[in-house]
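Below is one structure, written out as structure tokens; the observations come after it.
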Amino acid sequence: MRAIYWFRNDLRLHDHPGLVAASAANELLLVYLWPKQRPWCNTQGLGEQRERFISESLLELAKDLQPLGQNLLVLQGSPELVIPDLVRDYGVDALHTSQCPGSYEARALRVLRERLDIPVLEHPGSALFKEADIAGLCPELPESFSPFRRRIEKNLTADEPSRDLPQLPAPPALQFHRIPPPRIKPPLGLPLRGGSDAGQRRLKQFLESGAIRRYKQTRNCLDPLEGSSTLSPWLSLGSISAREIASAVREHEAAHGPNESTYWLYFELLWRDYFFWRALRDGVALFRHGGREGAVSRCTFEPRNFARWCAGDTNHPLVNAFMHQLVSTGWMSNRGRQIAASCLIHDFGIDWRYGAAFFEKHLIDYDVGSNYGNWQYIAGVGADPRGGRAFNIDKQAAQYDPDGVFTQKWDGHRPPQPMYVTDAADWPISPKDT
Ligand SMILES: Cc1cc2nc3c(=O)[nH]c(=O)nc-3n(C[C@H](O)[C@H](O)[C@H](O)COP(=O)(O)OP(=O)(O)OC[C@H]3O[C@@H](n4cnc5c(N)ncnc54)[C@H](O)[C@@H]3O)c2cc1C
């Protein structure tokens, strides 16, 4: 019996139900396919920091596999085309992967199930909880976060992660290509490397330094590694699992006592889970301008304003600083993401999906559910019961960067320019107008 395990956002060996299930085979081929470069909303390809972080994570995974007598086959191309060739060439009897939201991801699995004459098995993915537990508690996923959180907190505790490495069967005899090394180094501003070891080190440091005990007060800090956990890059690629973080927080609480901040980290992990389940439920609606409800909102597309936002060349120094930070490091604080997104949507009147696509290109912690879910939230077409968030950027700057240190550090001050006015017709045209 020969199986393929297809890695997606689960680049680790421990706490990995899918890999354990696939390991029942006699021979196991481990495969990863690079994210496909699709043009979308004026954006194409991966930003250099995101590409670097993925590369490093793959190299680390391949290194961790060596002592277990395994290797990682990294290929490019559509799963719909590449995987059937592998199945045929190596006489594979089962394909395993982990649950992962996204409409291309769902389509790939649908097509593979149609084309392949073998079982295509999806295992629990990167969420804290199992699908059956969520479906049991919330047969209909609540439209906003709070009722979801209340139900989960009352009824569920995340499983303890399994720390054992699986016993992996050997790979079939084939030529494994060398995984290309990253083309650039981590930026000086954020020297984080991909891979499970680096993620574990960061978790340990965040807990042992006591930073977690102040997290609720410091989480809006604009710099990474200072106030918030900065665990998102490893979480998003699955180098570390949310269950592991929840369990480490529980251990910390058992040893040092719980406080508001230790709870708040778990609270944020619940947000991540909520967006994960929403994204799975919503499918292609996650990428529609009006979201699941198809809400019609007027917006425009003025390409020069979009280009200025991407380049960090707007009349808002703080937004410019955030955008420079994003492009050079691949990371931006939650507060920064909220303000930059609000600026694009509510000040420039641009379709939120253009901003989401730009974030998708650059964020080293890009996660389909959290990214598109949060953009929808701010645009008022998603999970926000208040119908969207428009931030007063000057007020936010006064509150979160009162001395302008962050804005200065990221070169936010640019000569003011006139705002371009938009095209003649509001877009998209409301059905009522046609
Ligand atoms: C417009 C916008 C786009 C976003 N895009 C992404 C994305 O692509 N990937 C991503 O992981 N997060 C995204 N977020 C959520 C959040 O900004 C990041 O998770 C957080 O800034 C990561 O830093 P941290 O690990 O230090 O977070 P912490 O504050 O330490 O939180 C711990 C963990 O909780 C989760 N979390 C925290 N806040 C949120 C949230 N609002 N939504 C979902 N999960 C959350 C993350 O997994 C995070 O690592 C986005 C937010 C906005 C407003």
- Evaluate the following for P166: is it buried (at least 18 other Cβ atoms within 10 Å of the Cβ) and closer than 21 Å to Q66 by Cα? yes
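When you check A279 against the structure, is it closer than 28 Å to R219 by Cβ and touching a Pro at 6+ places or on another chain (Cβ under 6 Å), yes or no? Full working, then the answer.
Values: closer than 28 Å to R219 by Cβ: yes; touching a Pro at 6+ places or on another chain (Cβ under 6 Å): yes.
Yes.
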- Within region 13-45, how many residues turn out to be out of contact with any Leu (no Cβ under 7 Å at 6 or more places or on another chain), assigned to a loop (DSSP other than H, G, I, E, B) and closer than 14 Å to L68 by Cβ? 1
- Item | Selection from region 199-212 of residues that are touching a residue at least 40 places away in the same chain (Cβ under 8 Å) and surrounded by 18 or more Cβ atoms within 10 Å (Cβ to Cβ) | G199, L203, L207, I212
- Among (1) surrounded by fewer than 24 Cβ atoms within 10 Å (Cβ to Cβ); (2) out of contact with any Cys (no Cβ under 6 Å at 6 or more places or on another chain), which single condition is A340 missing? (1)
- Looking for whichever is surrounded by fewer than 14 Cβ atoms within 10 Å (Cβ to Cβ) and either away from the ligand (no atom under 14 Å from the Cβ) or outside the structural domain of S370 (by TED's automatic domain parsing) (or both) here; the options are G283, G294, G290. Which one fits? G294
- Task: Select from region 178-192 the residues that are closer than 14 Å to P233 by Cβ and of a type in the set (A, V, I, L, M, F, W, C) and list them in ascending order.
- Result: L190, L192
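Out of the residues in region 335-382 that are among the basic types (K, R) and within 10 Å of the ligand (Cβ to nearest atom), which is nearest to the chain's Cα centre (by Cα)?
The first filter runs over region 335-382 and keeps only residues among the basic types (K, R), leaving 335, 337, 353, 361.
Keeping just the survivors that are within 10 Å of the ligand (Cβ to nearest atom) gives 335, 337.
Working: R335: 16, R337: 13 Å.
If we take residues in region 335-382 being among the basic types (K, R) and within 10 Å of the ligand (Cβ to nearest atom), then R337 is nearest to the chain's Cα centre (by Cα).
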- Message: Name the single residue that is farthest from R202 (Cα to Cα) among those in region 222-237 being surrounded by fewer than 20 Cβ atoms within 10 Å (Cβ to Cβ) and more than 9 Å from the ligand (Cβ to nearest atom).
- Response: D223
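So which of L29, L68, L61 is out of contact with any strand residue (DSSP E or B) (no Cβ under 7 Å at 6 or more places or on another chain), within 16 Å of A173 (Cα to Cα) and touching a residue at least 40 places away in the same chain (Cβ under 8 Å)? Show your work before the answer.
Details: L29 fails: out of contact with any strand residue (DSSP E or B) (no Cβ under 7 Å at 6 or more places or on another chain); L61 fails: within 16 Å of A173 (Cα to Cα).
Only one candidate qualifies: L68.
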- Query: Would you pick out the residues in region 275-300 that are of a type outside the set (G, A, S) and in contact with a Lys or Arg (Cβ under 7 Å, 6 or more places away or on another chain)?
  - Reply: D282, F287, H289
- Message: As an exercise: evaluate P171 against (1) crowded, with 19+ Cβ neighbours inside 10 Å; (2) of a type outside the set (S, T, N, Q); (3) within 9 Å of the ligand (Cβ to nearest atom); (4) touching a residue at least 60 places away in the same chain (Cβ under 8 Å) and give the number of the one condition it does not meet.
- Response: (3)
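Would a scan of region 302-317 turn up a residue that is within 18 Å of the chain's Cα centre (by Cα) and either on the phi > 0 side of the Ramachandran plot or at pLDDT 95 or above (or both)? Walk me through it before giving the result.
First, the residues of region 302-317 that are within 18 Å of the chain's Cα centre (by Cα): none.
Within region 302-317 (the criterion being within 18 Å of the chain's Cα centre (by Cα) and either on the phi > 0 side of the Ramachandran plot or at pLDDT 95 or above (or both)), the answer is no, since none of the residues qualifies.
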- Exclusive hit being under 15 Å from L207 (Cα atoms), touching a Ser or Thr at 6+ places or on another chain (Cβ under 8 Å) and either crowded, with 21+ Cβ neighbours inside 10 Å or not assigned by TED's automatic domain parsing to the domain that holds L363 (or both), set E260, E253: E253
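The values are calculated or read from the model by the stated rules, or taken from the named source; none is laboratory data. Since the model is a prediction, treat every value here as computed from it, not as a measurement. Note that we place each Cβ from the backbone using ideal geometry, even for glycine, and neighbour counts take in every protein chain shown.
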